[in-house]
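Here's the structure, in structure tokens; my notes come after.
The values are calculated or read from the model by the stated rules, or taken from the named source; none is laboratory data. Quick caveat: nothing in here was measured; it's all calculated off a predicted structure. Please note: Cβ atoms are built from the backbone with ideal geometry, for glycine as well, and neighbour counts cover all protein chains shown. Each accessible area value is taken on the protein alone, full model and side chains, heavy atoms only, with ligands, DNA and RNA left out. Shrake-Rupley method; radii C 1.70, N 1.55, O 1.52, S 1.80 Å.
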Amino acid sequence: MTYVIALPCVDLKDKACIEECPVDCIYEGERSLYIHPDECVDCGACEPVCPVEAIYYEDDVPSEWAEYYKANVEFFDDLGSPGGAAKMGLINKDHPIIAALPPQSHDE
Ligand code: SF4
Ligand code: SF4
């Protein structure tokens, strides 16, 4: 099981979650962050700190964002298991689901 980052993170990338993750498994793409499904230890530390409630336990992802499970998993198809996000830095890609989105406004 894993935690999943959904639509509210796109074009925001506040990064509060990165500070909380004990295993450094939250990776930065161009428009969103992604949680590595095999490296995540399901501790739940990241979920409450996200200011836009973008992070969900796999079983609790709202149905309208169900495809974000796939987006988080498939983001790592060509990356494997790097074992730490800090050394990777910004990864210059996004999952196709996210790359296809129009620019997301986060104005209140
Ligand atoms: S805290 Fe939320 S908005 Fe910020 S990077 Fe993490 S998932 Fe994205
Ligand atoms: S649940 Fe824990 S291990 Fe998984 S991404 Fe969040 S902080 Fe990292």
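Among 93-103, 62-72, the peptide with the highest mean count of other Cβ atoms within 10 Å heads the list, and the full ranking is 62-72, 93-103. Inter-part distance, the stretch 71-104 to the stretch 19-52, computed on C-alpha centroids, equals 12 Å. On the protein heavy atoms, probe 1.4 angstrom, tell me the percent of accessible surface of the chain carried by carbon and sulfur. Using a 1.4 Å probe with all protein chains present, the chain comes out at 49 percent carbon and sulfur. Overall, the stretch 11-108 carries a charge dipole of about 380 debye about its Cα centre when +1 sits on the Cβ of Lys and Arg and -1 on the Cβ of Asp and Glu, all other atoms neutral.
Lacking any other cysteine beta-carbon closer than 4.7 Å, the following Cys residues of the chain have no compatible partner: CYS9, CYS21, CYS25, CYS40, CYS43, CYS50.
For the stretch 27-57, the residues whose amide N sits under 20 Å from a probe point set 7 Å from the Cα of ASP107 along the beta carbon direction are 52.
Taking one equal scatterer on every alpha-carbon of the chain, how large is log10 of I(q)/I(0) by Debye at q = 0.10, 0.17, 0.19, 0.21 1/Å? Scattering profile of the chain, log10 relative to I(0): -0.23, -0.71, -0.91, -1.14. Projecting each Cα onto the charge dipole of the chain (Lys/Arg +1, Asp/Glu -1 at the beta carbon, about the Cα centre), which of LEU101, MET1, PRO82 comes out farthest on the positive side? So the residue we want is PRO82. Remark: the stretch 22-108 carries 55 Å² of accessible area per residue (probe radius 1.4 Å; ligands, DNA and RNA excluded).
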